[in-house]
1. Hey, what does the equivalent ellipsoid look like for the stretch 151-224, semi-axes from the Cα gyration tensor as sqrt of 5 times each eigenvalue, largest first, whole Å?
2. Counting other beta carbons within 10 Å of each residue's own, what order do LYS58, LYS168 fall into, fewest first?
3. Where the only charges are on Cβ atoms (+1 Lys, Arg; -1 Asp, Glu), what is the dipole of the stretch 130-224 about its Cα centre, to the nearest 20 debye?
4. For a quick check: sort ARG206, ARG63 by the number of other beta carbons within 10 angstrom, fewest at the front.
5. Quote the FRET efficiency, to the nearest 0.05, computed for THR210 versus ASP85 with a Förster distance R0 of 30 Å and r equal to the Cβ-Cβ distance.
Amino acid sequence: MKPTELLKVAAIAVMTSGLIVGCQQSSTDDMPAEPMAEDECQGATPEVRNAIYAAKLKNARARNLGADWEENAKIIEEAEKAAEDCQNVRAKILANKAEDAAAAAIAALQGATTEVMEETQDSGSTEMVQDESPYLGGYLVVSGDNLWSISGQDSIYGDPYMWPLIYKANSGQIKDADLIYAGQYFYIPKAKGGARAAAVDHAKNRGAWTIGETEASDLDYLSQ
């Protein structure tokens, strides 16, 4: 082969290899970048948790005055669910709404009580007007709590067998009496006569139970 022909072959080889490399490089550059993974949901922010806690406390105070705040409690539950789903803006709005509603109810109840007392004083009666609440107060569940241990606390009933009273008063947020969660807020009803006796009887004769299931005996008790 002549030298000129060898030079032509070498030139063609160089050009071909350069074209291949160039195509490979261009193909790599044109590939779209992999999308960055979204941050995993971390639950409620401290600000939202505080808002929900404040709403629970305010609602508990309103309910302790004798008002029925089941609807407001549902709003708080919605706020908690939104917080679990990382919808923190919605959760805070709902929590603030519940707190404001409870505060307005307290103001209305206090205003009504004041009017009644003034009317009583104007009529010359010395009888004191008292607002009888069906609740002792509220309780915020912490890690390690169960209905048995809560009921046994001296500041609650001092008797663990009275736990069904708490269960019944808060059945809307307790799906299984054997499974409660830190952060839940329970209303503690006063223990009176027949209700107290029925609670103790159920606790002592409840029978076998399984965590995660609502026992038939519990449903019977709730229906009483």
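Bear in mind these aren't lab numbers, they're just calculated from the coordinates by the rules spelled out. In this text, all values refer to a predicted model and were calculated from it rather than measured experimentally. Positions of Cβ are backbone-derived with ideal geometry, glycine not excepted, and every protein chain shown enters the neighbour counts.
1. After scaling each eigenvalue by five and taking roots: 17, 16, 11 Å.
2. On the way: LYS58 22, LYS168 19.
Ranking LYS58, LYS168 by Cβ neighbours within 10 Å, fewest first, gives LYS168, LYS58.
3. Taking the Cα centre of the stretch 130-224 as origin, the dipole is about 140 debye.
4. Ascending number of Cβ neighbours within 10 Å: ARG206, ARG63.
5. Plugging the Cβ-Cβ distance into 1/(1 + (r/R0)^6) gives 0.60.
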